[in-house]
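Working notes, beginning with the structure itself.
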């Protein structure tokens, strides 16, 4: 792969991970994290890390469920 195609691959992967943020669960998590940040209960960086972990693990969980059907 050339460098531009590697970037495109990485961008597609990131976008596919992030698509689950538009689900009911993802929206609820995002809204809750935003409220926590606004109330100074957590930092923005912790909220961002939490969303990144959600992105990664929702994909793993769904891939596992599909694979084992």
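The values are calculated or read from the model by the stated rules, or taken from the named source; none is laboratory data. Just so you know, these numbers come straight off a predicted model, no measurement behind them. All Cβ positions, glycine included, derive from the backbone under ideal geometry; neighbour counts span all protein chains shown.
Brief remarks on what is shown
- Condition broken by residue 53, with the remaining ones in (1) at pLDDT 65 or above; (2) surrounded by 11 or more Cβ atoms within 10 Å (Cβ to Cβ); (3) within 14 Å of the chain's Cα centre (by Cα) satisfied: (2)
- Failed item, numbered, when residue 10 is tested on (1) in a helix (DSSP H, G or I); (2) more than 9 Å from the chain's Cα centre (by Cα); (3) modelled with pLDDT of 90 or more: (3)
- Scanning the stretch 34-49 for residues that are surrounded by 12 or more Cβ atoms within 10 Å (Cβ to Cβ) and in contact with a helix residue (DSSP H, G or I) (Cβ under 6 Å, 6 or more places away or on another chain), we see that the one that is farthest from residue 21 (Cα to Cα) is 42.
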